[in-house]
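Have a look at the structure below, then the notes.
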Amino acid sequence: MHSTNTTSRRQLLKWRPIHGVMIALALIAPLVLTAWLGGAEALQRVKHFPLGLLLLMLVMAFLCWNLNAARLRLMLGGRAGRLGQRGALGIELASKFALCATPGGSGGPATLLLLLARRGFPPAKGAAVFLIDQGCDLLFFLAMLSGLVLFSMLSDTQWPHQSLVQWALVGLAFMAALVIVVMRYLPSLLRSPGVNTPWPSRYQRRWLVRRLLRCRHALKVTLKLPRSILIAMLALTTAHWLMRYSLLYLAVLGVGGHADWMWTFLTQMLAMAASQFSFLPGGAGAAEVGVGSLLLPLMEREQAAAAVLVWRLVSYHLYLAAGAPLFVLYSYRMLRRSAA
């Protein structure tokens, strides 16, 4: 227990003032981009956003948090003590706050492992739980991506930049299929003499190999779960992402715009993939620009800017606001125990 507390203390001390600066930039970025893209009229549209629709979006966000908490309880299966829905929701919000508050989401997994360790759940098993969580998300998005490719190819869709979007989907599907093949034969590929090439560098190869091995392990562990548990987890995952990715559609409706639900779903998939290249927490900047640029062909600049701002307030900033107090509370408790 002492080593766990020492580890917790070290992890918590990694938070520096620079994290606060980056979070501040992430908070400001949507406002700056909204004012730049849509001007004062966009802010007026946000001000007059229908209250009933905003409340619906808040309720949906709250349900998304609880769906993830229920999935966490299902993955733990009682191995972390008596964990009720309230406790699981606290862990979910605190870890997601750390995920949203750090570049690349690096703080999320560490926070989850620390919070589970507080309940006597070993970090090694906590890492397996995190991998299963990631594996469920990966399975869902692979299924949705395959469905979107088939839908765009076989139906008469009326999406903006039709051919560009179709080729982008095909490219993403090809990359996903390539990753699956690589993960399937990864041990053999790593033993191949051709792996030792001058480019990429040794460090870059190790970085890539680690992530591929984690991804492969996540899928293997997830698919080996009992069928009933796997179906329940995938059902919770599907409900969560369908509900969360509907927030942009409601934001578009609230500012008087019109867009197909499938297009808003696809928009978020592409934009959130692009946001991984942002150095700010939560992909701030890249996410707003990506979604806004894909909405512009369907509506006025002011509408697109207002919709993006409302969407980010509910899907990102609300996570920060709800998770920050819990993260601070859990951090204080850890530090107090380690000092005792």
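The values are calculated or read from the model by the stated rules, or taken from the named source; none is laboratory data. Computed from a predicted model, the values in this text were never measured in an experiment. Counting neighbours? That spans all protein chains shown, and the Cβs are built from the backbone with ideal geometry, glycine included.
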Please count how many residues of region 130-145 are over 18 Å from residue 94 (Cα atoms) and free of Cβ contacts under 8 Å to residues at least 60 places away in the same chain.
2
Residues that are among the polar types (S, T, N, Q), outside any helix (DSSP H, G or I) and surrounded by 17 or more Cβ atoms within 10 Å (Cβ to Cβ): does region 317-333 have at least one?
no
Looking at 230, 234, 213, 225 in this structure, which one is outside any helix (DSSP H, G or I), at pLDDT 70 or above and within 29 Å of residue 126 (Cα to Cα)?
225
Candidates 63, 116, filtered to the one that is aliphatic (A, V, I, L, M) and closer than 16 Å to residue 247 by Cβ:
63
If you go through region 223-271 one residue at a time, how many are polar (S, T, N, Q) and buried (at least 21 other Cβ atoms within 10 Å of the Cβ)?
4
Region 84-101, residues that are of a type in the set (Lys, Arg) and free of Cβ contacts under 8 Å to residues at least 24 places away in the same chain:
86
Residue in region 84-105 that is of a type in the set (Ser, Thr, Tyr), out of contact with any Asp or Glu (no Cβ under 7 Å at 6 or more places or on another chain) and crowded, with 18+ Cβ neighbours inside 10 Å present
yes
Qualifying position, being over 23 Å from residue 232 (Cα atoms), of a type in the set (Gly, Ala, Ser), surrounded by 15 or more Cβ atoms within 10 Å (Cβ to Cβ) and in contact (Cβ under 8 Å) with a residue 12 or more places away in the chain, among 176, 127:
176
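Just checking, does region 293-303 include any residue being touching an Asp or Glu at 6+ places or on another chain (Cβ under 7 Å), part of a helix (DSSP H, G or I) and over 30 Å from residue 95 (Cβ atoms)?
Looking for residues that are touching an Asp or Glu at 6+ places or on another chain (Cβ under 7 Å), part of a helix (DSSP H, G or I) and over 30 Å from residue 95 (Cβ atoms), one finds at least one in region 293-303, hence yes.
Here is a yes/no grid of residues against (1) at pLDDT 85 or above; (2) under 22 Å from residue 322 (Cα atoms); (3) assigned to a helix (DSSP H, G or I); (4) of a type in the set (S, T, N, Q):
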residue	(1), (2), (3), (4)
9	no, no, yes, no
21	no, yes, yes, no
30	no, yes, yes, no
39	no, no, yes, no
53	yes, yes, yes, no
58	yes, yes, yes, no
Filter pass, residue 111 being out of contact with any Ser or Thr (no Cβ under 8 Å at 6 or more places or on another chain), modelled with pLDDT of 80 or more, surrounded by 19 or more Cβ atoms within 10 Å (Cβ to Cβ) and hydroxyl-bearing (Ser, Thr, Tyr)
no
Residues located in region 76-112, provided they are more than 21 Å from residue 333 (Cα to Cα) and over 18 Å from the mean Cα position of the chain (by Cα)
76, 77, 78, 79
Which one of the conditions (1) closer than 26 Å to residue 167 by Cα; (2) out of contact with any Gly (no Cβ under 7 Å at 6 or more places or on another chain); (3) surrounded by fewer than 20 Cβ atoms within 10 Å (Cβ to Cβ) does residue 274 fail to meet, given that it meets all the rest?
(2)
Test: residue in region 85-102 that is touching a His at 6+ places or on another chain (Cβ under 6 Å) and among the aliphatic types (A, V, I, L, M)
no
